[in-house]
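To start, the structure itself, in structure tokens.
Rule-based calculations on the coordinates, nothing more; no lab input. For clarity, every value in this text was computed on a predicted model and none was experimentally measured. With ideal geometry, Cβ positions are generated from the backbone for all residues, glycine too; neighbour counts draw on all protein chains shown.
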Amino acid sequence: MSHGESRSPNLPAPRIAIPLPHSEDREYAERAIPPYEEAVRLAGGDPVRIELNLTATEIQKEIQACAGFLLPGSKADVDPRTYGALRHAKTNPADTRRDDVDRLLLEEAYKLRKPVLGICYGLQSLNVFRAGTLIQDIESKINHSVGRTVAKAHTVTVEPQSRLSEIIANGSPSGIVGVNSSHHQCADVVGDGLRVVARCSEDGVVEALEGTASDHFVLAVQWHPERSVNDAPELSGSAQAIFRAFIEAARANHREPAPDVEFS
């Protein structure tokens, strides 16, 4: 078993759907997705790559067999028209196919209470799906986009009474976590059924959201825990804990018989 892996020997690994990060830049997508897949495997899950050029029917067949959904980062930005805003000059082109797949996954997740973990763009996609809005380009003295090159871009302060706080308690009892944020957008108006559970300690930028329903695991972070699961213990602890909690929620969902669902 790989270092950090958490898998119950008598239970099948829950299948985790992960959409390809981008539909138009295949080289970027193929380079970006393996760390997410590896983090899922280390936590005891079975990653299932969802291609973005499939039909809605094909995607629905794929995701019906999955117990949880991981929404990864992307080089795209969510189309601001989706949340009723004009496009900012620094907003990147949208990826319609990725957005369509995210929407199908989230519709399935909320219909059947399947766990969701959003990372970076995945947080933004989730927030907009839940009728929230985004800050299209963060104006701050803190550089939120350096996480590709540094292990700790800045710290976040986690709300003490939150699922995220419970998850990372052993790795960071103080609730202050160093993160490798790599983004230029963030949540503004928070979507329905979501709440802010972490902010950048220096400038208050939203860095994590979670669902308010106690019976549905929904967690999204602006940083990239998948890049840290194999780092030194002081960096990997909270990252591994996030994936373990997600996979355990998916495993619990996997054990419960799913109701019959018909798609038109």
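Most mobile of VAL48, VAL189, VAL177 per a Gaussian network model of the chain (Cα springs, under 10 Å)?
Largest GNM mean-square fluctuation: VAL189.
Could you give the length gained by full extension between LEU11 and GLN64, i.e. 0.36 nm per residue of separation minus their alpha carbon distance, to one decimal place? Before the final figure, lay out the partial values.
Details: separation 53, 0.36 × 53 = 19.08 nm, distance 1.89 nm.
So the chain would gain 17.2 nm between LEU11 and GLN64.
So, counting K/R as plus one and D/E as minus one, what does the shell of residues with Cβ under 12 Å around ILE135 add up to? Kindly include the intermediate steps, with their values, before the conclusion.
Numbers: positive: LYS90; negative: ASP77, ASP137, GLU139, ASP188, ASP203.
Computed value for this residue: -4.
Expressed in nm to one decimal, what extension gain is obtained for the pair ARG87 and ILE176 from 0.36 nm per residue of sequence separation less their Cα-Cα distance? Kindly include the intermediate steps, with their values, before the conclusion.
Numbers: separation 89, 0.36 × 89 = 32.04 nm, distance 3.37 nm.
Stretched fully, the ARG87-ILE176 segment lengthens by 28.7 nm.
Quick one: net charge of ASP77's neighbours, Cβ under 12 Å, K/R +1, D/E -1? Write out the running numbers ahead of the final one.
Values: positive: LYS75, ARG81, ARG87, LYS90, ARG98; negative: ASP79, ASP95, ASP99, ASP137.
After counting each charged neighbour, the total is +1.
If you plug each phi of region 94-105 into the Karplus form 6.51 cos²θ - 1.76 cosθ + 1.60 with θ = phi - 60°, what whole-Hz ³J(HN,Hα) values come out, in order, with x for Gly and Pro?
6, 10, 4, 5, 4, 4, 5, 5, 4, 4, 4, 5
Taking 8 Å as the Cα distance limit and 6 or more residues as the minimum spacing, I'd like the relative contact order of region 15-255 as a percentage.
Answer for region 15-255 is 21 percent.
What is the Cα coordinate range of the chain on the first, second and third principal axes, sorted by size from largest, in whole angstrom?
The Cα atoms of the chain stretch 49, 41, 36 Å along their principal axes.
What residues from region 73-99 fall in the zone where the backbone N is under 19 Å from a label point 7 Å along the Cα-to-C-beta line of ALA131?
80-85
Give, in nm to one decimal, the length gained when the segment between VAL190 and LYS75 is fully stretched (0.36 nm per residue of separation minus the Cα-Cα distance).
On the way: separation 115, 0.36 × 115 = 41.40 nm, distance 2.20 nm.
Length gained, VAL190 through LYS75: 39.2 nm.
List the residues, sorted by chain then number, that are 5 or more residues from VAL48 or on another chain and whose placed amide H is less than 5 Å from its amide H.
Residues meeting the criterion, in which the H sits 1.01 Å from N, are ILE16, ALA17, ILE18.
Tell me, what HN-Hα J-couplings in whole Hz come from the Karplus equation 6.51 cos²θ - 1.76 cosθ + 1.60 at θ = phi - 60° for each residue of region 238-250, using x for Gly and Pro?
5, 5, 4, 4, 4, 5, 4, 5, 4, 5, 5, 5, 5
Hand me the tally of lysine pairs in the chain: alpha carbons under 18 angstrom apart, and the pair either on different chains or 8 or more positions apart.
Working: LYS61/LYS111; LYS61/LYS114; LYS75/LYS90; LYS90/LYS141; LYS141/LYS152.
Qualifying lysine pairs in the chain: 5.
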